[in-house]
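Remarks on the structure that follows.
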Amino acid sequence: MTTSEEQEKERGRDLDRGGARVHAFRDDALGDHDAVGLAEAIRRGEVSAAEAARDAAARVGAVEDRLHAVQVHVEVPAYRSGPVGSLTGVPTFVKDNTDYRGLPTGHGSAAFAPRTARRHAPFARQFLSTGVTVLGKTRMPEFGFSPTTEYEDAEPVRNPWHTGHSAGGSSGGSAALVAAGAVPIAHANDGGGSIRIPAACCGLVGLKPTRGRVVPNAQGRQLPIDLVTDGVVSRSVRDSAAFLAAAEQHWRNPKLQPVGLVEGPSRRRLRIGFVRDSPNGVPSDADTRAAVTETAERLERLGHTVEPVEMSIDPRFTPDFLTYWGLLSFLIGVTGRTLGTDFDRRRMDGLSRGLRETYVRDWQRTPGVVRRLRRTREPYAAAFRGLDLILSPVLAHTTPELGHLNPAVPYDTLIERILAYVAFTPVNNVVGTPSISVPATHTTPDGLPVGVMFSGRPGAERTLLELAFELEADAPFRGIRDV
């Protein structure tokens, strides 16, 4: 390393201590392209898939010592030299809870030594069918339980907009790399908000598809309620739309109407309900309320009808969801040796242990919890009577500083903070409905993004994407270099 490079890295570390903006954009094969634009450049022969992979790896290397977003690299990426899918040659990463042949799957946990996967998970195969080039795996909080990607004894994933703040979770590593411009698109999945939360924190588009829209997770099918859906985080609406259309070419659920390729706004005007505070009474902070209010005003200016709506969710929803989350931690503690023979549940972090221990005390509630959670679809459907979509915050308050939600925080304090933060997203996971996080025009006083969320009925991805396209066209989403 040259002296100037050493000085630059040290300057970056000094800035990180006070909070810095970090990005990897430069004049190379990736340029300012989103995934669709890069794939088109590769098809036209302007750049090659090999050049895109090489330059993306260099971008990752330029920011990784400040973002800490990568779990493991692929030594020799298997890029495609000819057309395979609509995203052929686009460099990307897979989240570390999904098997990718030849790489270990660690689930963000220090409780075991991960084994190398011998085959791709079904979703990894679907993801690869789009033509992407996988460069490695991104970091995540332990087993995806936390809305921030932080650890008790390791560097957190840092938000590229301000490295003193959280990048969200559980797909925080993916969101950090995409927002920083290291790659245009990355794998994410969502069991309680884990696509939409990091998208909101990092100023990205994050679509959680309808349950069953993409290849289902094998573990989820064995649970009473399958919460987790796979997808991506991206910097543009068209990238999320292109991914979904390409994924349908590999596998489509015959029980759902196909989405197809959504390429822009619809002329249809919608009736949109909006809420600013959680249906269970968690109030939103001033910046979050301002983001939702300004978005509602924009929608009305664009000709949509916007009206307040109430979602009368059972007041027991939050403790019930927490109990169900604890059940998942309990099951991991029981079956952990399938992940690694050295698995020791005592080495799970404070959040995982607290969830498990709380569940052990309350396990008798499980049948009632599952029954009530399943019934959530009834008030959810009732709220949509006469409406096409519902606008809400993604989170109850703006992106916290690192440490606020760290798993080393005493469990009772930590869970209180999490419940005061993640107050909107879990309903869609329980009901299985689609929702999308998009950046609002409103930002925090120090320039951090604020996301707003649109939710729909089952199968409403096309409507969600069309509206997101319209908002993006009306006021292009601010990128990390725009400020």
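At a glance:
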item: Order of 348, 140, 311 under a 10 Å beta carbon neighbour criterion, fewest first; result: 311, 348, 140
item: Value at 222 nm in deg cm²/dmol, rounded to 500, when DSSP H runs of n ≥ 4 in the chain each add -39,500 (n - 2.57); result: -11000 deg cm²/dmol
item: Inter-part distance where the range 221-256 and the range 101-148 are each reduced to a Cα centre, Å; result: 17 Å
item: Under 13 Å, Cβ to Cβ, from residue 93 - net charge with Lys/Arg +1 and Asp/Glu -1; result: +2
item: Charge dipole (the chain, unit charges on Cβ, about Cα centre) - positive-most of 382, 404, 436; result: 382
item: Reach of residue 208 by Cα under 12 Å, taken over aspartates and glutamates that are not fewer than 8 positions away in the same chain; result: 190, 230, 461
item: Loop-exposed trypsin sites (Lys or Arg not before Pro) per DSSP, neighbour cap 12 Cβ within 10 angstrom, longest uninterrupted part of the chain; result: 120-254
item: Cleavage-rule hits, chymotrypsin sites (Phe, Trp or Tyr not before Pro), the range 235-330, DSSP coil, Cβ neighbours within 10 Å at most 11; result: none
item: Debye intensity ratio in log₁₀ form over the Cα atoms of the range 354-412, taken at each q of 0.16 Å⁻¹; result: -0.91
item: Added length on full extension, which subtracts the Cα-Cα distance from 0.36 nm per residue, residue 249 to residue 302; result: 15.8 nm
item: Distance in nm between pseudo-label sites at residue 50 and residue 154 (7 Å out along the Cβ direction from Cα); result: 3.3 nm
item: Calculated FRET efficiency for the pair residue 446/residue 257, C-beta based, R₀ 51 Å, to 0.05; result: 0.75
item: Cβ-derived FRET efficiency at R0 60 Å, residue 293 paired with residue 84, nearest 0.05; result: 0.85
item: Charge dipole (debye, nearest 20) of the range 87-219; +1 at Cβ of Lys and Arg, -1 at Cβ of Asp and Glu; result: 600 debye
item: Pairwise centroid distance, computed over Cα atoms, of the range 29-95 with the range 174-196, Å; result: 15 Å
item: Rg [Å, one decimal], Dmax [Å, integer] - the range 160-230, C-alpha atoms; result: 12.9, 40
item: Exposed-loop-free span, longest in the chain, where GluC sites (Glu not before Pro) count as exposed if DSSP calls them loop and at most 11 other C-beta atoms lie within 10 Å; result: 76-309
item: More than 32 Å apart - percent of Cα-Cα pairs taken over the chain; result: 34 percent
item: Kirkwood Rh and Cα Rg combined as Rg over Rh, evaluated for the range 20-140; result: 0.98
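Here, each number is a calculation from the coordinates, and none is a lab measurement. Bear in mind that the values here come from a model prediction, so they are computed numbers and not experimental data. Please note: Cβ atoms are built from the backbone with ideal geometry, for glycine as well, and neighbour counts cover all protein chains shown.
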